[in-house]
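Trainee: Can you keep this structure in mind? I'll have questions shortly.
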Amino acid sequence: MDDFQGVCGRKNALINVIYEKLADYDVPQPEPSTTLPGTTFDDGQWKSTATATASTTAAPPSVTKSYPRDCDSPNISFIPHENDCTKYYWCVYGTPMVMFCEGGTVWNQDNGNCDWPERVDRPECKHITRKPKRPHKEFEEENV
């Protein structure tokens with residue numbers, strides 16, 4: 001437990017140790033998007049075609065999609081996205097579901113999780129970088 005009053009030693013010892021250990025940690029910042037949600041549709045390899053038939057009642061359009069072939073195997077759970085390092089496919093009963101890595105991370109196929117770009121062995125993902133971290137204002141004032 002933390003000693004908030006400094007009775008047994010340094011005041012706020014626990015939080016100060018946490019701050020000291022994490023002071024040089026670079027917190028990844030997401031890249032700002034200039035595209036408004038819903039204005040574009042980037043589905044990677046998935047191609048959809050819509051067709052409508054003319055009749056007295058309008059029929060709903062039929063949609064066909066092409067999926068990554070690796071999802072057909074029952075042994076494969078995750079597949080990296082072919083065009084976007086921040087996406088991957090989660091195969092659920094042979095159907096690929098597009099998943100997203102958050103916070104500046106990219107898909108790491110070797111570990112089966114989202115990871116920092118510098119830890120992933122995918123040359124096409126090395127362009128994604130973390131932003132430099134600025135210390136939290138409260139810690140700057142308290143530790144001056």
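Trainee: Could you list which residues have their amide H under 5 Å from that of C91, counting only those 5 or more apart in sequence or on another chain, with H placed in the peptide plane?
Mentor: Answer set, sorted by chain and number: F78, I79, M97.
Trainee: Turning to a different aspect of this structure: Taking 0.36 nm per intervening residue step and subtracting the Cα-Cα distance, what contour gain separates V98 from E124 on full extension?
Mentor: The V98-E124 span can extend by a further 7.5 nm.
Trainee: Multiply the residue gap between L22 and S77 by 0.36 nm, knock off their C-alpha separation, and tell me the result in nm, one decimal place.
Mentor: Residue separation times 0.36 nm, minus the Cα-Cα distance, leaves 16.4 nm.
Bear in mind that the values in this text are calculations on the coordinates, not laboratory data. Since the model is a prediction, treat every value here as computed from it, not as a measurement.
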